[in-house]
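Inspection log for the structure reproduced underneath, given as structure tokens.
The values are calculated or read from the model by the stated rules, or taken from the named source; none is laboratory data. Just so we're clear, the structure is a prediction, and the values are computed from it rather than from any experiment. When we count neighbours, we look across all protein chains shown, and the Cβ atoms used for this are built from the backbone with ideal geometry, even at glycine. In case anyone asks, the SASA skips ligands and DNA or RNA and just uses the protein heavy atoms, side chains included. Shrake-Rupley method; radii C 1.70, N 1.55, O 1.52, S 1.80 Å.
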Amino acid sequence: MISQEKIVEIRQRASIVEVISDFVTLKKAGRNHMGLCPFHAEKTPSFTVSEEKGIYHCFGCQSGGSVFHFLMNYDHLTFPEAVERVAKRYGIAVQHDGRPASRESGEREKLYRVNERVALNYQKLLLSHPEGRRALEYLKGRGVDEAAMQKFLLGYAPQTGSGLLKVFSQENISSQDACRLGLIGQRDGQKFYEKFFARVIFPIVSPAGKVVAFGGRVLDQALPKYLNSSETPLFHKGSTLYGLYQAKDGIRKADRVVVVEGYLDVIALAQHELSYAVATLGTALTADHVRVLSRYTKNIIALFDGDDAGRKAASRSFEIFVEAGLLGRAAFLPKGEDPDTFVRSRGKAALEAVLDQAVPLADYYFSWLEQRYGTSLEGKSQIAGEVSRVLAKVTNAFEADLLARRAVDILGIREE
């Protein structure tokens with residue numbers, strides 16, 4: 001535990017305005033500062049920060065508290081993690097007293113340490129194991145340089161296993177914890193085995209910089225091509241985004257984020273100085289994904305393939321954005337291209353031009369409905385049913401009105 005005296009010292013020395021300004025654009029408003037709340041979608045600022053009182057408060061969603069509470073809510077940190085984050089920013093040394101941490105906090109920290117140790121093991125094997133050479137050649141063939149391998153903590157799990165069971169035994173890591181994290185499994189209630197083997201390993205890192213899970217890709221055409229950790233106490237696939245930790249600063253600087261599909265897409269874009277890309281983890285984009293990204297920027301672009309599947313996915317994503325309280329934009333690559341191949345063959349400027357031409361998902365959604373159902377009476381009836389179903393999820397009255405009017409333009413019916 002961190003002593004109460006040290007917590008008070010850190011809070012008094014820290015500037016809550018400085019810390020929150022790393023995440024939210026604040027403007028001076030009398031004695032306070034104001035900005036758009038990062039915890040819910042809003043158009044008019046209702047998020048207030050008081051340097052004098054050392055607190056923040058949102059009049060829209062009623063969230064509030066100290067600088068520590070902000071970081072806990074924003075980056076899903078425990079209280080000790082938030083205290084240490086602020087202390088590190090201001091160069092304050094933190095010592096822990098002899099009292100134990102809370103059971104929940106201590107349990108999560110223990111699991112984080114297991115994942116960190118496993119990530120180091122995979123990294124070591126990429127460089128030292130005989131099979132690692134093949135993995136290195138694969139990565140270099142995909143254009144991944146050594147700096148990117150280090151930045152994204154890439155590793156390798158050999159065909160014969162990575163020796164995790166031996167590591168766990170030597171370092172007194174319980175098999176039960178390793179099972180909870182999806183690192184090993186158990187056959188017939190007796191023999192343990194590793195979940196990842198013969199795969200390049202992509203550690204999945206939380207916005208706070210903690211390894212929460214792993215993804216693995218085969219080097220050949222074996223199936224499944226990608227394998228992700230199962231859901232764990234640290235990892236929830238539907239709200240976690242690959243590369244967000246590495247992209248946070250780039251997102252804030254560019255004030256936009258691009259959502260792609262694969263690990264290597266994110267890495268390729270980062271290598272070409274497009275450092276504001278993230279990827280979903282083998283699942284479609286969810287409302288929780290969008291909500292997480294909205295804490296960093298409201299300008300979210302979903303990048304799709306230009307084929308029929310990509311355009312169908314774009315139409316479906318509109319509903320996801322609406323559910324999250326945003327409208328979003330969509331950009332499309334030429335058929336047969338993905339972000340990785342496109343940026344490596346055509347460069348940063350070409351991909352940024354594609355992103356700059358992103359269209360509002362609302363406009364695309366209505367165009368897609370017309371193409372799908374046609375303009376017959378039956379088609380318009382089906383469109384009306386789809387639109388009314390989506391409109392029911394819109395929480396912003398102004399946006400609901402605009403979307404209803406847009407629907408009226410193509411349907412020729414009353415807004416009511």
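Observations
- For the chain, the share of accessible area belonging to carbon and sulfur comes to 50 percent (1.4 Å probe, ligands and nucleic acids excluded).
- Gyration tensor (alpha-carbon) shape descriptor, the stretch 288-330, a/c threshold 1.5: prolate
- Farthest toward positive dipole pole in the chain [+1 Lys/Arg, -1 Asp/Glu at C-beta], among GLY60, SER294, ALA157: ALA157
- Rounded to 5, the percent of DSSP beta bridges in the chain classed as antiparallel: 75
- Simple Cβ-charge dipole of the stretch 68-206, Lys/Arg +1 and Asp/Glu -1, about Cα centre, in debye nearest 20: 260
- Cα gyration tensor category, rounded, prolate or oblate, for the chain with a/c compared to 1.5: oblate
- Partnerless cysteines in the chain, where a partner means another cysteine C-beta under 4.7 angstrom, comprise CYS61, CYS179.
- Computed about its Cα centre, the charge dipole of the chain is approximately 680 debye, with only Lys, Arg, Asp and Glu carrying charge at their Cβ.
- From its DSSP helices (H runs of at least four residues, each -39,500 (n - 2.57)), the chain gives a residue-normalised ellipticity at 222 nm of -14000 deg cm²/dmol.
- Note: relative contact order over the chain, using C-alpha pairs below 8 Å and six or more positions apart, is 10 percent.
- PHE304 sits with roughly 30 Å² accessible to a 1.4 Å probe, with DNA, RNA and ligands left out of the calculation.
- Among ALA407, ALA358, TYR122 - extreme Cα towards positive end, dipole of the chain, charges at beta-carbon: TYR122
- The solvent-accessible area of MET34, taken with every protein chain present and a 1.4 Å probe, is close to 70 Å².
- Rounded if a/c under 1.5, otherwise prolate or oblate - the stretch 124-264, Cα gyration tensor axes: oblate
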